[in-house]
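Have a look at the structure below before the remarks.
Just so you know, all these numbers are worked out from the coordinates, no wet-lab data involved. These numbers come from a predicted model, not from an experiment. In this analysis, Cβ positions are derived from the backbone assuming ideal geometry, glycine residues included, and neighbour counts consider all displayed protein chains.
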Amino acid sequence: MNLAAAMSTVIDSENLKAFSALPLFVYIVDYTPPVTNIWANEKYLASQGNSLDHFCKLDLWGTASDADRGQWRSRLESVQQNGQTVVERSTSPGILGRPVTVETVYSPVRHRLGPAAALAEPATAVLVTQWPLEVKTQLESYTLYMTSLLECSPYPLCFFTFDGHLITCNPAAVAVFGKTIWLQSDIFGMGERERHGLGPDGEETAGSARIERTERRTAYENMMDALDSDGATFNVDLPIRRRMEDGSESLWYCRVFAQRHQDPITGEPIIMVSHQDVTNLRKVEGELGRMEMAEHANKELIKQHDSDVAGSLLMLLGESFNGRGFRFQDTDEEGEDGRPPGGA
């Protein structure tokens, strides 16, 4: 965290969840004697076996050694007062007493936590971030893998906030949509009237403009309803009109796959979207569907034709179409040999 960002942002109870989501040990300390703990995230509290209330009430100055007090005075002067950032490597007790090698970063911050919430001006303190080297290595490997995946994917991949603002994307997405990409208008292809009422909170606001209930808007609303928990997914094929370079428009189909994730830095929910042109696939599927329908129709025609031919043959053989035998009608007179008159 650089000094400009640290000192321009005031930490309060609303944005603490961003630190709670980090897989790191994070706590805030006021190094002004007597040194006071202000806040710590759950991961750090679990490693120490403390509650937040107990952590904030610890008597650090009274139980510290002279060496600890000397270090605290140095951090007070260099970090909290002069705004420097200090990086150290040390060993932390870790969870269940297992020593953990960590990289510790001391950064200046301003906050409105605890008693400082009632002050007119934010108070200064030090934000302590401890990176377990094992976790740091895993995160770096994961980041490298995800970066390679994004860079090498032939399909547009984008990450959006839930109000539709782009966080980052890969080169394939830039090639298709440009550097400015919006979830509603670019990915789902919605026009202005289709987007009417879709505010950041997802609620429709009253207005004079008529809302167009199109397939694209319905798909967008279904996606927002489906992504109600981490890991939830949604996919749909959408018809979108694309404006060509000569000014004409062409209809194409895109396959949108969306999945809900959590931003590892802010802890806020985000949407990963994959966008794939499936126009040719839809054409092939349509041709296959027509071929199957034609084959089914031909089979029905042949079946009906065979039934008609069979019925005609049965009639010629003296049997009705329903299979009942044909009987000669009885006569009053019989021949001398018992055969019908005129019999051979």
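For this structure, a couple of remarks:
- At R0 = 22 Å, FRET efficiency that the Cβ-Cβ distance of Asp163 and Met272 yields, to 0.05: 0.90
- In nm, spacing of pseudo-spin labels at Asn82 and Glu285 (7 Å Cα→C-beta vector): 6.5
- Förster radius 25 Å - calculated FRET efficiency between Ser74 and Asn15, Cβ distance, rounded to 0.05: 0.30
- Alpha-carbon centroid distance for the pair region 148-194 / region 25-57, whole angstrom: 41
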